[in-house]
Amino acid sequence: MPFSHGAACAPSRPATRRGAAAMGEAPEPSSQAPLAVLSKVELRVSCRHLLDRDTLNKSDPCVLLLMQSQGQWMEVERSEVIKSNLNPVFAKIFTVDYYFEEVQKLRFEVYDSHGHAGVGTHDDDFLGGMECTVGQIVAQKRVTKPLFLKYGKFAGKSTITVISEEISGNNGYVELAFRAKKLDDKDLFSKSDPFLEIYRLDDDRSEQLVYRTEVVKNNLSPIWEPFKVSLNSLCSCEEKRKLRCVVWDYDSRGKHDFIGEFFTTFEEMQKAMGENKVQWDCLNPKYKIKKRNYKNSGVVVLLDLKIHRVYSFLDYIMGGCQIHFTVAIDFTASNGDPRNSCSLHYINPYQPNEYLKALVAVGEICQDYDSDKKFSALGFGARIPPKYEVSHDFAINFNPDDDECEGIQGVVESYQSCLPKIQLYGPTNVAPIISKVARVAADEERTKEASQYFILLILTDGVVTDMADTREAIVRASYLPMSIIIVGVGNADFTDMQILDGDDGVLRSPKGEPVLRDIVQFVPFREFKNASPTALAKCVLAEVPKQVVEYYSYKAFPPRCPQPRTPDSDLGSPQ
């Protein structure tokens, strides 16, 4: 797909956080109560092998983040400029609101900055761009893609890496306050201008920049501003994970002088809680070898540490929890003969029917959270070959050993190809399909890990016939890692279906047993007939994040720690 840029022409949103005086910024928690489905995601960006646009020096890169709104690309924020560096690791943390039920398109654009003139808009200043969705980033946790120039041309070997961490209000934050004492003086005519960097050492031996403080000018005993970072970002759920902390003397040309370093862990840092303080010798390994009486190049002190832990939907997703999507389609005779244009199953080459619209709208959201992009597709209420007996849980690809299709498009193709091969019949029984998915979810529950959650989308044209069995199946399913979405297609009276949606009261089994959790969302498609497909997805998926958290909280299953990924490449050492 050709890449076109033009972000610099888009109006910027007003800044909402502390100004650019600091070399690195930590996102501030919102003082307002967050919406039920809203989280915030912090994105960290680095690049490799950028194009060199400058004649005498290397490019001075800056990253712009844009988000698509109503078809238009709008600039959200931009990073700091890193001087003379083709492999920059940006300290700027981009913060975006995250909605599970939306496709949120992002664009990252890298420019060569020109000092006080700022980021240019000319093609000569454009180093490349990349597009993706917020869902892709949070599901994969780390995304590396090539940068493209205009018209789909590769920007040489340039790549951009985006790493995501979740924040939500003050959930999962640690607040740190550092100072240093008696640092080495690296300047001839003044004192050092120190700043501190904290790196997380990952399992693949790479280093991830967690935070870069502001520069304190002309001071060998600086006190840096307190800052907040997410616990995932700092130590990846592991209190014993090693952290490397480096103190530099700032140089305006990007050639910062190394003062010293020390290693620690979050476990050790926690000794600074309350009235206690923790300190480390800031060491220069070269001096330690060369100087006989060398003690240190100063001391770094952790003055205070505050911590708060709460698990959220994104904690589970970023911990590797997959969303497995299953669609179940009503093939009862009340839909009408698929060969007739009045049928709800009629395939119009120019306009998808309501079944396809609902399937694609919901499926496109879920596919970002399933790594293999394979989706189970089932049918009910039809006579199927070869014996043409009625089935209420058949695979629409007619493979009883593997009901999965390749991507949403694979589901669409299987649906279209199965219509001529089946006989629409009845009745409208959905309990068998709910129970089938529940059996798979029960197997997953036995692992006692937050590794897979199941969403069942049922598309039907009428009120279910087996209401008692369906209520029983839903009560059983409410104890398992699954949610059920029912979309009513056509113009039938769906009043009796509202009983399955617990919004107006607690759903109970025929014996009176209540559901453990409200896991069903029912909506008639006709309410969204004149709206965009995204409106339907927003409505039916909005409750899923809460349902996921409720289930794992009830089971006391914590998020799994993020699994190490294959290293893309060394992200580079500080310049």
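The values are calculated or read from the model by the stated rules, or taken from the named source; none is laboratory data. Keep in mind that this is a model prediction, so the values were computed, not measured. Quick reminder, even Gly has a Cβ in these numbers, built from the backbone with ideal geometry, and neighbours come from all protein chains shown. Side chains included, ligands, DNA and RNA excluded: accessible areas come from the protein's heavy atoms. Shrake-Rupley method; radii C 1.70, N 1.55, O 1.52, S 1.80 Å.
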*Which one is farthest from Leu176 (Cα to Cα) among residues in the range 217-237 that are open to solvent by 30 Å² or more (accessible area, probe 1.4 Å) and of a type in the set (A, V, I, L, M)?*
Leu220
*Write out, first by first residue and then by second, each pair whose Cβ atoms fall under 6 Å of each other, whose residues are 6+ apart or on separate chains, and whose first residue, in the range 199-217, is within 18 Å of Tyr173 (Cα to Cα) and touching a residue at least 24 places away in the same chain (Cβ under 8 Å) while the second is among the charged types (D, E, K, R) and open to solvent by 50 Å² or more (accessible area, probe 1.4 Å).*
Tyr199/Glu207
*Taking only the range 156-189 into account, find how many residues are among the hydrophobic types (A, V, I, L, M, F, W, C), at pLDDT below 90 and not in a strand (DSSP E or B).*
2
*Select from the range 66-97 the residues that are small (Gly, Ala, Ser) and either assigned to a strand (DSSP E or B) or surrounded by fewer than 20 Cβ atoms within 10 Å (Cβ to Cβ) (or both) and list them in ascending order.*
Ser69, Gly71, Ser84, Ala91
*Determine which single condition Gly298 fails, assuming it passes every other condition in (1) touching a residue at least 60 places away in the same chain (Cβ under 8 Å); (2) within 35 Å of the chain's Cα centre (by Cα).*
(2)
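Condition check ((1) under 18 Å from Gln498 (Cα atoms); (2) in contact with a Gly (Cβ under 8 Å, 6 or more places away or on another chain)) across all residues:
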| site | (1), (2) |
| --- | --- |
| Phe394 | no, yes |
| Asp402 | no, no |
| Val411 | no, yes |
| Gln416 | no, no |
| Gln423 | no, no |
| Leu457 | yes, yes |
| Asp461 | yes, yes |
| Asp466 | yes, no |
| Thr470 | yes, no |
*Tell me, which strands (runs of 3 or more DSSP E) wholly within the range 368-423 include 2 or more residues that are closer than 30 Å to Gln104 by Cα?*
374-380, 404-406
*Being open to solvent by less than 20 Å² (accessible area, probe 1.4 Å) and in a loop (DSSP other than H, G, I, E, B) is the filter here, so list the residues in the range 332-352 that pass it.*
Ser343, His345
*Is at least one residue of the range 432-445 β-branched (Val, Ile, Thr) and part of a loop (DSSP other than H, G, I, E, B)?*
no
*Of all residues in the range 530-552, how many are open to solvent by less than 70 Å² (accessible area, probe 1.4 Å), part of a helix (DSSP H, G or I) and either of a type outside the set (Phe, Trp, Tyr) or modelled with pLDDT under 85 (or both)?*
11
*Can you tell me which residue in the range 46-90 is modelled with the lowest pLDDT, limited to those that are of a type in the set (Val, Ile, Thr) and out of contact with any Leu (no Cβ under 8 Å at 6 or more places or on another chain)?*
Thr55
*asked:* Can you confirm whether Ala442 is crowded, with 20+ Cβ neighbours inside 10 Å and either in contact with a Gly (Cβ under 6 Å, 6 or more places away or on another chain) or not acidic (Asp, Glu) (or both)?
replied: no
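Do you know which residues across the range 102-121 are at pLDDT below 85 and in contact with an Asp or Glu (Cβ under 9 Å, 6 or more places away or on another chain)? Spell out how you get there, then give the answer.
First, pick out the residues of the range 102-121 that are at pLDDT below 85: 114-121.
Within the range 102-121, His114, Gly115, Val119, Gly120 qualify.
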*strands (runs of 3 or more DSSP E) within the range 238-296 that include 3 or more residues open to solvent by less than 50 Å² (accessible area, probe 1.4 Å)*: 242-249, 257-265
*Tell me, which residue of the range 503-529 that is open to solvent by 20 Å² or more (accessible area, probe 1.4 Å) and outside any loop (DSSP other than H, G, I, E, B) is farthest from Ser312 (Cα to Cα)?*
Arg526
*asked:* I need a count of the residues in the range 394-403 that are under 22 Å from Ala431 (Cβ atoms) and surrounded by 19 or more Cβ atoms within 10 Å (Cβ to Cβ).
replied: 4
